[in-house]
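Okay, structure first, notes after.
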Amino acid sequence: MKKSLVFVWLTLLLLCIGSLFWYNEWVYNLPTAIPDNYRPVAFGTKIDNRLVTQTNNNILFLHFFNPDCPCSRFNMRYFKSLVSNFEGRVNFAIVVLNNKKYSAQQIQHKYDLQIPVYFDSTIAANCGVYSTPQAAIIDKNGELYYRGNYNRTRYCSDKKTNYAEIALQALLSNRTPIQFSPLALKAYGCSLPNCTQLQNDE
């Protein structure tokens, strides 16, 4: 009798865990709702990035990050690999989008990244970003080359859909223009500024 109860209890527990995992996967695979006041920013738009220090006239890669967003946290290891692989040819910066108080030193120390960290939400608005994690790539002329997702999966496990990396490599190789997949450009993840995920009605 006891063995049967334990078996039933374990089965129910596994079902609950599986259901929770499935629900989280389903929720974070929905497009992020477009804010009512959203202003689209077209590729090729000159970006006002006076608040972001751009040295050596390099390409600028902006990582839009919310420490409370699960998708952002899952994505950080992959972002760090991009910094490691392209540092020296590309300037990287993190733009933290969160209502809580963090310092640049906290972010740099926690994720072991010695790159600039900014907290200005107008940078996101200027690039047309309304969710995290998102990447924006600004070319040497200060124009928006790419704004979109890192990968089709939130764990960045599908190398064929490393959209931001593909865009970065294309820009470094002067392969322009490049046609981006709709999956690369439709925002997924957590809406700003709080860690929420609402389905787009479109």
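The values are calculated or read from the model by the stated rules, or taken from the named source; none is laboratory data. These figures come from a predicted structure and were not determined experimentally. Here the Cβ is made from the backbone with ideal geometry for all residues, glycine too, and neighbour counts use every protein chain on show.
Observations on the model:
Okay, residues lined up against (1) within 10 Å of the chain's Cα centre (by Cα); (2) within 19 Å of Ala167 (Cα to Cα); (3) touching a residue at least 60 places away in the same chain (Cβ under 8 Å):
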site: Leu60; (1), (2), (3): no, yes, yes
site: Ser72; (1), (2), (3): yes, no, yes
site: Met76; (1), (2), (3): yes, yes, no
site: Ser81; (1), (2), (3): no, yes, no
site: Asn85; (1), (2), (3): no, yes, no
site: Phe92; (1), (2), (3): no, yes, no
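- The residues on offer are Phe74, Phe64, Phe86, Phe43, and the sole one that is under 14 Å from Asp139 (Cα atoms) and among the hydrophobic types (A, V, I, L, M, F, W, C) is Phe43.
- Condition met for Gly44 (on the phi > 0 side of the Ramachandran plot and free of Cβ contacts under 8 Å to residues at least 60 places away in the same chain): no
- Candidate set from region 104-136 (those that are in contact with a Pro (Cβ under 9 Å, 6 or more places away or on another chain) and part of a loop (DSSP other than H, G, I, E, B)); member that is surrounded by the most Cβ atoms within 10 Å (Cβ to Cβ): Tyr130
- Among the residues of region 88-103, those identified as at pLDDT 90 or above and surrounded by 13 or more Cβ atoms within 10 Å (Cβ to Cβ) are Val90, Asn91, Phe92, Ala93, Ile94, Val95, Val96, Leu97.
- Condition met for Leu183 (touching a strand residue (DSSP E or B) at 6+ places or on another chain (Cβ under 8 Å) and either modelled with pLDDT of 80 or more or outside any loop (DSSP other than H, G, I, E, B) (or both)): no
- Any hit, region 137-145, residues being under 25 Å from Tyr38 (Cβ atoms), assigned to a loop (DSSP other than H, G, I, E, B) and either within 11 Å of the chain's Cα centre (by Cα) or not polar (S, T, N, Q) (or both): yes
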